[in-house]
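J.: One structure, as structure tokens, below. Some questions next.
The values are calculated or read from the model by the stated rules, or taken from the named source; none is laboratory data. For clarity, every value in this text was computed on a predicted model and none was experimentally measured. Here Cβ is always computed from backbone atoms with ideal geometry, including for glycine, and neighbour counts include all displayed protein chains. Surface accessibility is based on the protein's heavy atoms, side chains included, excluding ligands, DNA and RNA. Shrake-Rupley method; radii C 1.70, N 1.55, O 1.52, S 1.80 Å.
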Amino acid sequence: MALLPTKSLVFIARRQEAELVVPCEPTPHECKPLSDIDDQEGHRFHVRGFHFHQSNLSMKGKDPAKVIKEALAKALVFYYPFAGRLREGPNRKLIVDCTGEGVLFIEADADISLVDFGDELYPPFPCAEELLYDVPGSNGLLNSPLLPIQVTRLKCGGFIFAHRFNHTMADGTGLSQFMIAVGEIALGALVPSTPPVWERHLLSARDSPLITYQHEEYSHNTSGPENGTIISTDNLVCRSFLFRQSHISSLRRFVPHNLRCSTFDILSACLWHCRTKALELDPNEDVHLICIVNARFKFNPPLPLGYYGNALGFPTASSSIGKLTQNPLEYALKLVKQAKTKVTDEYMKSTMDLLVTRGRANVKLAGSYIVSDLTRAKFKKIDFGWGEAVLVGPETCWELISFYIPSKNKKGEDEIIVPICLPASAMKNFVKELEDMLKDEQTAHADI
């Protein structure tokens, strides 16, 4: 495990005036309701993501902002809801008003090179506000652009493609599908290789709602605060940790030979165990690990190929703090594996029914830690003509969620970057817990 150092790069991007990119052909003006998975409380926020692209001699003389903007206008013909605006109807139902107003687009220049970000790229990224400017009045959930984009040209010939997307419109799989389509059109395709599918009614509650699961992942207390501890946001430290294949192999020594597990399973169990121990909470309290799972193929029949809405399940592993921290890692691992098996067709239908009958409930925040695996998403397949991005990841990290970001070292070996956000004292404890768990490995870390 390598604790990656904090970066202090400072620069200013010279931005041109923001403009709206509209579909290059007429598109239907209609109102399209989101699904009951889409518009739950836990999706009502924006996600900022950065794509770092190197220069490419074959694209010399071409302007990435111009190429992307033109391809975006063509892709929006197929994905025209992204050019609309969200409205809220009765019972907090979200509806896309397909107005064709367009996607907010900014082009900018910065007198820096990719190498100025260091040998490794990872969140939190320095001067993120320069790479994705918040246009005043554009960041509302309703009646605002659904997908602001900024393309910042670098003096090395590379560029940074940054976006802020409204999570109610799509999950990571759906967003990457749209971005891949933009890339395909930039490379000369006339239509996306995967036709987009709206069909949000497929993920809507039953006419007679029936909650058949306990759904520990959602808050059931609507009249007051949740039971359990929500970590303080005072003096938070955000750092990224690099896990090589050797680290994952080292963790597997805790796994019995008859217990099969994925990299996600073992890494999630490890982080949950170490993070909980680092926070030094009451051992009698319960904590929860919420796993974000792509449920597209859990439905019967599976969702159609090209569906780009949210299709996420949030199965949860729960334990008392005492049991989680005092038992071997195998204990947490089995809980993670058991949680993932919950996601079935009926589980997702029960989830939709719960969200509708309980006012589009939010995920449980007290005592929770959320993990989202981006290693299987297809963001790295996005190619606007300059090749795949060196790194694609969220702008920063949050105190309750960690993303598993795919990366490669100079040898081409797969690695995983995990941003973690904790109070400063807990971060020191967390580093020590991880080092102890990987004590047979040579670790490298900087002072916190």
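J.: Within segment 45-66, track down each residue that is in a helix (DSSP H, G or I) and either within 18 Å of Leu175 (Cα to Cα) or over 26 Å from the mean Cα position of the chain (by Cα) (or both).
T.: Step one: of segment 45-66, the residues in a helix (DSSP H, G or I) are 57-59, 64-66.
The answer is Leu57, Ser58, Met59, Lys66.
J.: Hey, does segment 346-355 have a residue that's buried (at least 18 other Cβ atoms within 10 Å of the Cβ) and either in contact with a Pro (Cβ under 6 Å, 6 or more places away or on another chain) or among the acidic types (Asp, Glu) (or both)? Working first, answer last.
T.: Within segment 346-355, the subset buried (at least 18 other Cβ atoms within 10 Å of the Cβ) is 347-355.
Add one more test, that the residue is either in contact with a Pro (Cβ under 6 Å, 6 or more places away or on another chain) or among the acidic types (Asp, Glu) (or both), and what stays is 353.
Yes; the residues of segment 346-355 include at least one that is buried (at least 18 other Cβ atoms within 10 Å of the Cβ) and either in contact with a Pro (Cβ under 6 Å, 6 or more places away or on another chain) or among the acidic types (Asp, Glu) (or both).
J.: Also, I was wondering about something else. Just for segment 73-96: of the residues that are β-branched (Val, Ile, Thr) and not in a helix (DSSP H, G or I), which one is most open to solvent (accessible area, probe 1.4 Å)? Walk me through how you get there before you give the answer.
T.: In the first step, residues of segment 73-96 are kept if they are β-branched (Val, Ile, Thr); the result is 77, 95-96.
Right, trim to not in a helix (DSSP H, G or I) and you get 95-96.
Values: Ile95: 46, Val96: 0 Å².
That would be Ile95.
J.: Which ones in segment 377-414 are open to solvent by 30 Å² or more (accessible area, probe 1.4 Å), closer than 20 Å to Leu131 by Cα and in a strand (DSSP E or B)?
T.: The one that is open to solvent by 30 Å² or more (accessible area, probe 1.4 Å), closer than 20 Å to Leu131 by Cα and in a strand (DSSP E or B): Trp398.
J.: Can you find even one residue in segment 241-254 that is more than 22 Å from the chain's Cα centre (by Cα), open to solvent by 70 Å² or more (accessible area, probe 1.4 Å), modelled with pLDDT under 95 and hydroxyl-bearing (Ser, Thr, Tyr)?
T.: Yes, the conditions are met somewhere in segment 241-254.
J.: Take segment 114-138 and flag every residue that is open to solvent by 20 Å² or more (accessible area, probe 1.4 Å), out of contact with any Phe, Trp or Tyr (no Cβ under 8 Å at 6 or more places or on another chain) and assigned to a loop (DSSP other than H, G, I, E, B).
T.: Within segment 114-138, Gly118, Asp119, Glu120, Pro124, Tyr133, Asp134, Val135, Pro136, Gly137 qualify.
J.: Return the pair list, or none, for Cβ contacts closer than 7 Å from residues in segment 313-327 that are outside any helix (DSSP H, G or I) to residues that are at pLDDT 95 or above and of a type in the set (Ser, Thr, Tyr), at least 6 apart or on different chains.
T.: Gly313/Tyr347; Gly313/Thr351
J.: While we're here: Could you go through segment 50-64 and let me know if any residue there is touching a Cys at 6+ places or on another chain (Cβ under 6 Å), touching a residue at least 24 places away in the same chain (Cβ under 8 Å) and surrounded by fewer than 23 Cβ atoms within 10 Å (Cβ to Cβ). Show your work before the answer.
T.: First, pick out the residues of segment 50-64 that are touching a Cys at 6+ places or on another chain (Cβ under 6 Å): 55.
Subsequent filtering for residues that are touching a residue at least 24 places away in the same chain (Cβ under 8 Å) retains 55.
Checking which are surrounded by fewer than 23 Cβ atoms within 10 Å (Cβ to Cβ) leaves us with 55.
Scanning segment 50-64, I find at least one residue that is touching a Cys at 6+ places or on another chain (Cβ under 6 Å), touching a residue at least 24 places away in the same chain (Cβ under 8 Å) and surrounded by fewer than 23 Cβ atoms within 10 Å (Cβ to Cβ), so the answer is yes.
J.: Right, here's the next one. Any idea how many residues of segment 141-181 are part of a loop (DSSP other than H, G, I, E, B), open to solvent by 10 Å² or more (accessible area, probe 1.4 Å) and among the hydroxyl-bearing types (Ser, Thr, Tyr)?
T.: To start, the set of residues in segment 141-181 that are part of a loop (DSSP other than H, G, I, E, B) comprises 141-148, 155-158, 167-171.
Next, from what is left, pick out any that are open to solvent by 10 Å² or more (accessible area, probe 1.4 Å): 141-143, 145, 155-157, 167.
Okay, now just the ones that are also among the hydroxyl-bearing types (Ser, Thr, Tyr), so none.
So the answer is 0.
J.: While we're on this one: Out of all the residues in segment 6-15, is one or more open to solvent by 90 Å² or more (accessible area, probe 1.4 Å) and in contact with a Phe, Trp or Tyr (Cβ under 7 Å, 6 or more places away or on another chain)? Before you say what the answer is, go through the steps one by one.
T.: Within segment 6-15, the subset open to solvent by 90 Å² or more (accessible area, probe 1.4 Å) is 6, 8, 10, 12, 14-15.
Now narrow it down to the ones that are in contact with a Phe, Trp or Tyr (Cβ under 7 Å, 6 or more places away or on another chain): 15.
Looking through segment 6-15, at least one residue is open to solvent by 90 Å² or more (accessible area, probe 1.4 Å) and in contact with a Phe, Trp or Tyr (Cβ under 7 Å, 6 or more places away or on another chain).
J.: If you don't mind, there's one more thing I want to ask. Within 23 Å of the chain's Cα centre (by Cα) and part of a loop (DSSP other than H, G, I, E, B): which single residue out of Phe299, Phe264 fits that description? I'd like the intermediate steps shown before the answer.
T.: Values: Phe264 fails: part of a loop (DSSP other than H, G, I, E, B).
Just a single option satisfies the conditions, and that option is Phe299.
J.: Looking at Leu121, Leu175, which is the one that is more than 19 Å from Val22 (Cβ to Cβ), touching a strand residue (DSSP E or B) at 6+ places or on another chain (Cβ under 9 Å) and modelled with pLDDT of 95 or more?
T.: Details: Leu121 fails: modelled with pLDDT of 95 or more.
From the options Leu121, Leu175, the qualifying one is Leu175.
J.: In addition: Report, by residue number, each residue of segment 359-376 that is in a loop (DSSP other than H, G, I, E, B) and either more than 22 Å from Phe299 (Cβ to Cβ) or in contact with a Phe, Trp or Tyr (Cβ under 6 Å, 6 or more places away or on another chain) (or both). Spell out how you get there, then give the answer.
T.: Keep residues of segment 359-376 that are in a loop (DSSP other than H, G, I, E, B), which gives 359-362, 364-367, 374-376.
Answer for segment 359-376, where residues must be in a loop (DSSP other than H, G, I, E, B) and either more than 22 Å from Phe299 (Cβ to Cβ) or in contact with a Phe, Trp or Tyr (Cβ under 6 Å, 6 or more places away or on another chain) (or both): Gly359, Ala361, Asn362, Lys364, Leu365, Ala366, Gly367, Leu374, Thr375.
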